[in-house]
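What follows is a set of notes on a single structure, which appears directly below.
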Amino acid sequence: MRAYTGGLQRPLLFVFGLLVSGTLLAQNNFESYSEWGARGGYALASSYVVDRNAGEDFSGPYFGGRFVFFGEKHLGLMAEVNYSRLARSDEEYGSLAYSYFQVPFMTKVRVPIRQTAVVFNLGSYVQFVSESDTPVVNERSALFGIAGGLEFVVPIGTWDLALEGRYANNLHSNSTRVDNLWTTWMEFGLIFSWSAREKN
């Protein structure tokens, strides 16, 4: 039994050595790069209205820009600045709307699939309400929350086109007077981005 086990050790060490050297070589050949992009789409939100103990549906467009730095082969850090205006038609109040700027800071994990890629995004954001109709509860000037989502990326020449879905949730009440008035929303849209990295 000892002789048999010893016979397996050499091939296993050889395979392990190949894997380690291949990983180190790939990492050594990797050069960090930056990525710039523009995003836009449609958002569906649940936000609170004065004197109602439930979320009301709002929707509207969003657009923004992003900067990503990939310091590792499949791991990057991203910052964005986005603007959105959400509205609803309300039987009691008529048309209601609010708008905000949002600045997310997220970690990106890129998983290549041949020429395409799936990207996982996770992080936090700060949200600044720029305009709000009186019945919509957005009394705080700044709100914090968490966000996460997926991107499916397809290269188009020197550009990348991505289909994105994202979910976001405020971590504290929108109101300074009433607890547990939250806002959550989903975003669905497209991203156009450019980077200096070599296409696989």
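The values are calculated or read from the model by the stated rules, or taken from the named source; none is laboratory data. Everything numeric here is computed off the predicted structure, so don't read it as measured data. We place every Cβ from the backbone using ideal geometry, glycine too, and count neighbours over all the protein chains shown.
Observations
- Number of positions in the stretch 100-143 that are touching a Leu at 6+ places or on another chain (Cβ under 9 Å) and free of Cβ contacts under 8 Å to residues at least 24 places away in the same chain: 1
- On inspection, Val136 passes the criterion of being of a type in the set (Val, Ile, Thr), over 21 Å from the mean Cα position of the chain (by Cα) and either buried (at least 19 other Cβ atoms within 10 Å of the Cβ) or at pLDDT 90 or above (or both).
- Test for Arg85: is it of a type in the set (Lys, Arg) and modelled with pLDDT under 95: no
- Only residues that are closer than 21 Å to Asn138 by Cα and not in a strand (DSSP E or B) were counted in the stretch 47-99, giving 8.
- Against the test of being assigned by TED's automatic domain parsing to the domain that holds Gly40, crowded, with 17+ Cβ neighbours inside 10 Å, under 17 Å from the mean Cα position of the chain (by Cα) and within 30 Å of Glu92 (Cα to Cα), the options Asn170, Asn121 yield a single qualifying residue, Asn170.
- Residues located in the stretch 85-124, provided they are of a type in the set (A, V, I, L, M) and closer than 24 Å to Gly55 by Cα: Leu86, Ala87, Leu96, Ala97, Val103
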